[in-house]
Amino acid sequence: MPGIRDWIGEPLYFVSSYLDQFSADQYREKTLNFFTKNITSTEESKQWIPSFNSTPLDNIKCNSLVRFRCMVQDMFGPELYYDVFDTENTATGERKLLTGRYQDVTSENENLNILHNSPVTKMSERHVFYCVPIPGETEWVKQGHQAMCMAPDVSCSSAPSQGFKRSLEDDVGEEMELQATDDSSKRSRSAPATEGSSVVTSQVQMNFPLPGETGPAALVKMYDDVGDKMKINDVIEVYGVISLDPSLVPVHTEDSEMLSAEEHKAHNPPPSLVPRIHAIYVNKIQTSNPLLPTSTDNSSQELAAIKTEACEIRENLLGLLEHALHGDKLCAEYMLLHLLSSVYMRRDTIAVGKFSLNITGVNANEQLLVNSLVELIQQFVATSYYLPMSLDNLNKLKFTPVKDYDSDRLVSGVLQLPNRCHLILDETVMQPGQLDVAGVKNLEALGNLVRWQKVKYDFKYSNPEFETDVPVICLSEGKSLLNFDSTVPLQIENSLNLKSRLEAIKTYLSPALLDKIRIYLTLIPRLNYEISEEMTQMAQEDFVKTRQANKDAMTPEDFQSLLVVSRLLSLSCGLSNLSADVWAKAKVLEECRKSRLPK
């Protein structure tokens, strides 16, 4: 029985062993079952696999197993590769089956010859994705994952072993030339580069969506039908074989491929900067919260536990937010509801469940308030991004992703965010000035995100809309430039200054309470919520009576807002059904909020 370090350190040995033992058709299933079973058997087995997010490349062995927590930033065209190929040793005449699965190059005898016309030799496609670290992932999440890693920190050479190496895709390219079949959507790589390659020395665009973000990126290659299930902006955890071989750095020549120089450079970055990861097991992540399983579907025990404590955690969280908001309890209530909001369905063009929030009355000199709220949110949620709405940022930052047809890649923008990434807009930094064309487009893109939870990507000839689930909160002095679902003017309580309140928060916020809040904010939005027929009828009758008494007292839009508030209020208490008490409390909250709005 292989030890855990055997299949992690030498995964390709097991791939080739299964090919030796079974037929060309059977070995794929046997290999996949072997690795899936070992990877998913226990949480501990996952932690023994080195994390590509936090382990330096010098400490990762080429062709070993790694795991990568990432977001799909771009999708390249499929690659052709040899799934199984028949070989003959020209010196001895020995025949042997080899595989190009989960690897880019072969390390075999230089006398080895691929028999292209053998009936056993089979070419297949693998999908290629450009993946980046999860945008906006907060520091406590990164540290939490790193603390759980059990992989030994042992330096391993990533250099190739001595002997003849050939790119499997080079051979595919050769055969395609022989067959005279040119397909621009199915790329094959050119010959290996020498050390002086311009691709190596030129700057590589890492294409991170958020300014200032760092971390590793990778070309993730997926096999069989796994890649068919992936979409742009999907957050995934990949377990696969890492390829760091410098021979993968290609030299572009005019007659080597159909790719332009720019496209060739973008699709073939140096593996020392952008390694290749051949995915064996891929898991779509619903949360990167290290306190929970990556799929909230597997969090039934944690959800049951947090429901029993929901009311207590709610009161603690409400008190913390109230302190950070100068003692404004109403504002704290709405901010708590906002943090729990998420899009749970779409009805026509409406993103049902979103609850964008504009807190007004925040002066430009209240930077301590802004900073403390941003810091508090970043302590609570797994992903977030603070965006100062300065004139400079609006005019100069790229908000929406743009398709660059010269390099055939999607150039990222600030709004290419994963679901449940909390976007914090700060309009208090705005100064008088003129928005240019880019600034107007950026503001329009933000408006579409807030209102429709969609972002239009610029594909030059079309603007496809990508659906999102990004909770947006805006801090501003007056009403925001954008239309938010709910606006709450801040009322400052002067009995205790903000610095004293922030010190009280630090004292009260114990590690145990902080963990409970983090689990609460992750799981509570996933609760199934229903409104009984009785409560539906009561709410409708309430709406009709209010309108009969005063037509302006409740518009249809007000009624929809009340339904959203009552839903979030129910969830915040760990309830899956709307009750008469919660409905009454929601009405009081909305009446108090409206009373603060300018007449």
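Go through segment 556-582 and count every residue that is closer than 20 Å to TYR334 by Cα and over 35 Å from the mean Cα position of the chain (by Cα).
Going residue by residue through segment 556-582, those that are closer than 20 Å to TYR334 by Cα are 557-582.
Restricting the remaining residues to those that are over 35 Å from the mean Cα position of the chain (by Cα) gives 579-581.
Residues that pass the stated criteria total 3.
Starting from residues that are assigned to a strand (DSSP E or B) and within 12 Å of GLN416 (Cα to Cα), keep the ones in segment 464-481 and report whichever is most open to solvent (accessible area, probe 1.4 Å).
Initially, segment 464-481 is screened for residues assigned to a strand (DSSP E or B), giving 465-467, 472-475.
Then drop every residue that is not within 12 Å of GLN416 (Cα to Cα), which leaves 465-467.
Details: GLU465: 101, PHE466: 49, GLU467: 117 Å².
Top of the filtered list is GLU467.
ALA512 - would you say it is at pLDDT 95 or above and open to solvent by 20 Å² or more (accessible area, probe 1.4 Å)? If you could, list the steps in order and put the result at the bottom.
On the way: at pLDDT 95 or above: yes; open to solvent by 20 Å² or more (accessible area, probe 1.4 Å): yes.
Criteria met by ALA512.
Taking TYR461, is it of a type in the set (Phe, Trp, Tyr) and in a loop (DSSP other than H, G, I, E, B)? So TYR461 fits the description; yes. Selection of first residues in segment 259-276 that are more than 15 Å from ASP74 (Cβ to Cβ) and of second residues that are at pLDDT below 85, restricted to Cβ pairs under 6 Å at least 6 apart or on distinct chains, gives the following pairs, ordered by first then second residue: ALA261/HIS252; HIS264/HIS252; PRO270/VAL200; PRO270/VAL249; PRO271/LEU248; LEU273/VAL204. In segment 538-558, the residues that are hydroxyl-bearing (Ser, Thr, Tyr) reach residues that are surrounded by fewer than 16 Cβ atoms within 10 Å (Cβ to Cβ) with C-beta atoms within less than 8 angstrom, at least six apart or across chains, in these pairs: THR546/ALA553. If you filter segment 227-247 down to residues that are at pLDDT below 95 and part of a loop (DSSP other than H, G, I, E, B), you find that the one that is nearest to the chain's Cα centre (by Cα) is LEU244.
Among the residues of segment 84-111 satisfying the criterion of being open to solvent by less than 30 Å² (accessible area, probe 1.4 Å) and of a type in the set (A, V, I, L, M, F, W, C), which is nearest to SER16 (Cα to Cα)?
Taking segment 84-111 as the starting set, the residues that turn out to be open to solvent by less than 30 Å² (accessible area, probe 1.4 Å) are 84-87, 89, 98-106.
Cutting the leftovers down to of a type in the set (A, V, I, L, M, F, W, C) gives us 84-85, 98, 105.
On the way: VAL84: 10, PHE85: 12, LEU98: 7, VAL105: 14 Å.
The residue in question is LEU98.
For segment 434-448, taking the residues that are surrounded by fewer than 23 Cβ atoms within 10 Å (Cβ to Cβ) and in contact with a Ser or Thr (Cβ under 9 Å, 6 or more places away or on another chain), the one that is farthest from LEU368 (Cα to Cα) is identified as LYS441.
Scanning segment 304-353 for residues that are charged (D, E, K, R) and touching a helix residue (DSSP H, G or I) at 6+ places or on another chain (Cβ under 9 Å) yields LYS307, GLU309, GLU312, ARG314, GLU322, ASP328, LYS329, GLU333. Where strands (runs of 3 or more DSSP E) fall wholly inside segment 30-113, the ranges with 1 or more residues that are modelled with pLDDT of 95 or more are 65-89. LYS142 meets all of the listed conditions (1) modelled with pLDDT of 90 or more; (2) open to solvent by less than 50 Å² (accessible area, probe 1.4 Å) but one, namely (2).
Any residue at all in segment 288-308 that's on the phi < 0 side of the Ramachandran plot, touching a residue at least 60 places away in the same chain (Cβ under 8 Å) and touching a strand residue (DSSP E or B) at 6+ places or on another chain (Cβ under 9 Å)? Yes, because at least one residue in segment 288-308 is on the phi < 0 side of the Ramachandran plot, touching a residue at least 60 places away in the same chain (Cβ under 8 Å) and touching a strand residue (DSSP E or B) at 6+ places or on another chain (Cβ under 9 Å).
Condition test on LYS545, is it of a type in the set (Lys, Arg) and closer than 14 Å to GLU333 by Cβ? Considered against the rule, which asks whether it is of a type in the set (Lys, Arg) and closer than 14 Å to GLU333 by Cβ, LYS545 comes out as no.
Residue by residue, here is whether (1) open to solvent by 40 Å² or more (accessible area, probe 1.4 Å); (2) of a type in the set (A, V, I, L, M); (3) at pLDDT 95 or above holds:
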| site | (1), (2), (3) |
| --- | --- |
| ASN358 | no, no, yes |
| GLN367 | yes, no, no |
| LEU387 | no, yes, yes |
| ASP408 | yes, no, no |
| PRO432 | yes, no, no |
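For segment 537-550, state whether one or more residues are open to solvent by 30 Å² or more (accessible area, probe 1.4 Å) and either under 31 Å from the mean Cα position of the chain (by Cα) or under 22 Å from PRO471 (Cα atoms) (or both). Explain how you work it out, then say what you get.
Step one: filter segment 537-550 for residues open to solvent by 30 Å² or more (accessible area, probe 1.4 Å), giving 537-538, 540-550.
Filter again for either under 31 Å from the mean Cα position of the chain (by Cα) or under 22 Å from PRO471 (Cα atoms) (or both), leaving none.
No, every residue in segment 537-550 fails to be open to solvent by 30 Å² or more (accessible area, probe 1.4 Å) and either under 31 Å from the mean Cα position of the chain (by Cα) or under 22 Å from PRO471 (Cα atoms) (or both).
Within segment 9-35, residues that are farther than 18 Å from PHE85 by Cβ reach partners that are outside any helix (DSSP H, G or I) and among the β-branched types (Val, Ile, Thr) with beta carbons closer than 8 Å, at six or more positions or on different chains, in the pairs PRO11/VAL241; PRO11/ILE280; LEU32/ILE280; PHE35/ILE280.
Among residues belonging to segment 114-147 that are in contact (Cβ under 8 Å) with a residue 60 or more places away in the chain and part of a loop (DSSP other than H, G, I, E, B), point out the one that is nearest to LEU387 (Cα to Cα). Ranking the candidates gives GLY136 first.
The values are calculated or read from the model by the stated rules, or taken from the named source; none is laboratory data. As the structure is a prediction and not an experimental result, all values here were calculated from the model. Because the Cβ atoms are built from the backbone with ideal geometry, glycine has one as well, and the counts that use them run over all protein chains shown. Protein only, heavy atoms only, side chains kept; ligands, DNA and RNA dropped before computing areas. Shrake-Rupley method; radii C 1.70, N 1.55, O 1.52, S 1.80 Å.
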